[in-house]
Amino acid sequence: MDRTESVTLTNMCMITNADKILVLNRVDPNWPGLTFPGGHIEAHESITESVIREVQEETNLTITQPKLVGVKQFYDAEHHRYLVFFYRANQFSGELKSSREGNLKWLTKEELLQSPLAPNFDHDLPLFFDEQFNEHLLDGQRDVLF
């Protein structure tokens, strides 16, 4: 029995500053709307190092001590597992600067929840805001928080 499978590894980070949350208004036509910065994990890169690098590339901010708060998993169009490691960070340095990924802005939680989010991103938000959840599973039949 083969215990290996093709997997795409990615990350996403909610950055906070007092009562504000940094959001990215993505311009990607495949997944547009508000979300948090993040991206793919490169070969031989730790998951934590990848989120620090991705945040820096997309925001020009250097985060420190990001905290892993959950994981999302689903299957892509080729039926390969896709994992997104969710982080939160409130310590950072640098000057905020938008990238080719989209424009950045600070919102309150209430403003975020009333904004046009990326598709299904509202289903991920409990992992960032509610410590009782640490996994979001989408498998075609189910959309479940654990």
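Values in this text are rule-based calculations from the coordinates and carry no lab data. Everything numeric in this text was worked out from a predicted model, so none of it was measured. Backbone-built Cβ (ideal geometry, glycine too); neighbour counts: all protein chains shown.
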With runs of 4+ DSSP H residues as the only contributors, calculate the mean residue ellipticity of the chain at 222 nm using -39,500 (n - 2.57) per run, divided by the residue total and rounded to the nearest 500. -5000 deg cm²/dmol
About the Cα centre of the chain, what is the dipole size in debye to 20, counting +1 per Lys and Arg Cβ and -1 per Asp and Glu Cβ, all else neutral? 300 debye
Amide H within-cut-off set for LEU117, under 5 Å, with H built and near neighbours excluded: LEU34
Kirkwood-based Rg over Rh for the stretch 65-124 (C-alpha set), two decimals? 1.00
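Below 8 Å between Cα atoms, with a sequence gap of 6+, how large is the relative contact order for the chain in percent?
Answer for the chain is 29 percent.
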Sorted by average packing, counted as other Cβ atoms within 10 angstrom per residue and highest first, what order do 66-73, 55-62 take? 55-62, 66-73
Under the Karplus relation 6.51 cos²θ - 1.76 cosθ + 1.60, θ = phi - 60°, what is the ordered set of whole-Hz ³J(HN,Hα) values for the stretch 115-123, x standing for Gly and Pro? 9, x, 8, 4, x, 6, 5, 4, 6
Starting from the exponent 0.38 and prefactor 2.2 Å, build the expected Rg for the chain from its residue count and divide its actual Cα Rg by it. 1.02
Which of PHE121, LEU96, LEU68 sits closest to the plus end of the dipole of the stretch 7-141, meaning its Cα is farthest towards the positive end, when Lys and Arg get +1 and Asp and Glu get -1 on the C-beta? LEU96
